[in-house]
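Chemist: My questions all concern the structure below.
The values are calculated or read from the model by the stated rules, or taken from the named source; none is laboratory data. Here the structure is a predicted model, which is why all the values come from computation and not from measurement. Here Cβ is always computed from backbone atoms with ideal geometry, including for glycine, and neighbour counts include all displayed protein chains. Ligands, DNA and RNA are stripped out before the accessible areas are found, and what is left, the full protein with its side chains, is counted by its heavy atoms. Shrake-Rupley method; radii C 1.70, N 1.55, O 1.52, S 1.80 Å.
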Amino acid sequence: MKRRDFLKAVSFGAAALAMPGCAGTLQHVAKGKKPNIVYIMLDELGYFELSCMGNKYLKTPNIDRMATEGMRFTQALAGGPVCAPTRCALMTGQHTGYCTVRMNSQVWPMRAEDVTVAEVLKQAGYATGGFGKWGCGDRGTTGVPEKHGFDIFFGYYNQTHAHSYYPCYLVRNGEKVPLEGNTGDFYKGEQFSHYLIFGESIKFIRENKDRPFFCYCAWTPPHGRWGTPEDEPAWQQFKDKQWPSRDAKVYAAMVKMVDRQIGQMFALLRELDLDDDTIVFVCGDNGGKRYFGDFFEPNRDFRGEKGNLYEGGLRVPMIVRWPGKIKPGAVSDHLWYFPDVMPTLAELAGVEPPDNIDGISIVPTLLGESAAGRKQKEHKFLYWEHKEQVAVRMGNFKVVQPGKNKPFELYDLSKDIGEKNNIASEHPDSLAKMKAYARQSHTENLIGDVLDKEKRFMGHQFR
Ligand SMILES: [Ca+2]
């Protein structure tokens, strides 16, 4: 056993030992009922792209209903402003100054010793399935999901592979699954990948209905490129709109399609009599992108978009529903981000997360402080880095360093959600403190190993 694998085994073993009867065990766990967990993350869906958020064009009736039946968060923030790092922060509970995958890269996999939430839940007795875009390590690397706690992962391992809905193949547990009839054309083919990914998500729930399961749906719609089957019902609804581009219409159709599938997911949970035993999350993966200028207004009130660390790059829609446990119609302004998902799900499952995480469980916010048996703990600060950008959030204050050697800007988000009024010169003490938090948060970026480079994604023309 290599030293780092040994360290992983030791720290993880200690976490497992700490689990039974630990202080603060939730009532449902004490009674031996671990909830099923469905975590649906829609790629690029912006904060203002739900109809319940007043969007004029996009229709999300099932997500809207979920918000009336569950809790909607106004200050849930992504782990990072682009696909791969935000997923790594979500999976590991570590922020982007500490986690392994800090950029969208072809050669930057998770390390063997990185512990994911799937590993933690698997140790708690969960069946673990992932469906959609992985982004934390290509085939042939130490970052593959089947070595990070997933019993099954089906979809795209490589985020660039995920740019097509008609790829020549998808991947199941490291093995290529050829999609006959697809030629490498981005917009046309015989097999629409997301139907297959959705089908596998549903199948996983059916197959594991009699035991606790973690169904991680990192679904790629509405991320481009925007190919769609001509007979997709949502496309039929939008294709004749007099809108600026075909792509905008497909984007709207994709939002409507995944909303319909979320409705189907809830119908399945009711059919299997699992509705009350299942907590469902629906969120975006990073801030919205202005693919069509301001047409859909993905980040209406926010500055910036996907790729930067202003609120437009980080704030995501986040709705959580668990009948009988989460208060219906609640709106929470609790400030949290993706590293908090790991300890939250671990607590719901009655196990301890690893020690080396940055997240804080939000169970007291979700279930109420009396059910959780303690008050909600707040972050002293939250931290992000992306390429040469840095951001720190401390209460309502946020600093952003938008590039290398650029001065830090300071905003008070309670008065200035659009980050327009830089007040750095008025608050030297807060600025100094937050800059110090930034310095202490950045660690050396360690990297996983490529074990077989022939297995990596080579481009859409290759089968
Ligand atoms: Ca994304």
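Chemist: Go through the stretch 271-291 and count every residue that is open to solvent by 30 Å² or more (accessible area, probe 1.4 Å) and either in contact with a Gly (Cβ under 7 Å, 6 or more places away or on another chain) or within 16 Å of the ligand (Cβ to nearest atom) (or both).
Modeler: The qualifying residues number 4.
Chemist: Please go through the stretch 32-48 and give me each residue that is on the phi > 0 side of the Ramachandran plot and either crowded, with 24+ Cβ neighbours inside 10 Å or within 14 Å of the ligand (Cβ to nearest atom) (or both), ordered by number.
Modeler: 44
Chemist: Here are the criteria: (1) under 18 Å from residue 88 (Cα atoms); (2) buried (at least 24 other Cβ atoms within 10 Å of the Cβ). Tell me which single one residue 171 does not satisfy.
Modeler: Every condition holds for residue 171 apart from (1).
Chemist: Is it the case, given these coordinates, that residue 238 is of a type in the set (A, V, I, L, M, F, W, C), under 28 Å from residue 185 (Cα atoms), touching a residue at least 40 places away in the same chain (Cβ under 8 Å) and more than 16 Å from the ligand (Cβ to nearest atom)?
Modeler: The answer is no for residue 238.
Chemist: Mind telling me which of the residues 165, 98 ends up being within 16 Å of the ligand (Cβ to nearest atom), assigned to a loop (DSSP other than H, G, I, E, B) and of a type outside the set (D, E, K, R)?
Modeler: 165
Residue-by-condition table, conditions (1) surrounded by fewer than 22 Cβ atoms within 10 Å (Cβ to Cβ); (2) within 16 Å of the ligand (Cβ to nearest atom); (3) without any contact (Cβ under 8 Å) to a residue 24 or more places away in the chain; (4) assigned to a strand (DSSP E or B):
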site: 186; (1), (2), (3), (4): yes, no, no, no
site: 201; (1), (2), (3), (4): no, no, no, no
site: 214; (1), (2), (3), (4): no, no, no, yes
site: 217; (1), (2), (3), (4): no, yes, no, yes
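Chemist: Ok, one more. Filtering the stretch 294-342 down to residues that are outside any loop (DSSP other than H, G, I, E, B), touching a residue at least 24 places away in the same chain (Cβ under 8 Å) and open to solvent by 10 Å² or more (accessible area, probe 1.4 Å), which residue is farthest from residue 381 (Cα to Cα)?
Modeler: 321
Chemist: Still on this structure, I have one more. Looking at (1) open to solvent by less than 10 Å² (accessible area, probe 1.4 Å); (2) more than 26 Å from residue 192 (Cα to Cα); (3) in contact with a Lys or Arg (Cβ under 9 Å, 6 or more places away or on another chain); (4) within 16 Å of the ligand (Cβ to nearest atom), which is the only condition residue 103 fails?
Modeler: For residue 103, the failing item is (1).
Chemist: Would you check which residues across the stretch 49-76 are in a loop (DSSP other than H, G, I, E, B), under 25 Å from residue 134 (Cα atoms) and open to solvent by less than 20 Å² (accessible area, probe 1.4 Å) and list them? Show your work before the answer.
Modeler: Keep residues of the stretch 49-76 that are in a loop (DSSP other than H, G, I, E, B), which gives 49-50, 54-60, 70, 74-75.
Still in the list and also under 25 Å from residue 134 (Cα atoms): 49-50, 60, 75.
The answer is 49, 50, 60.
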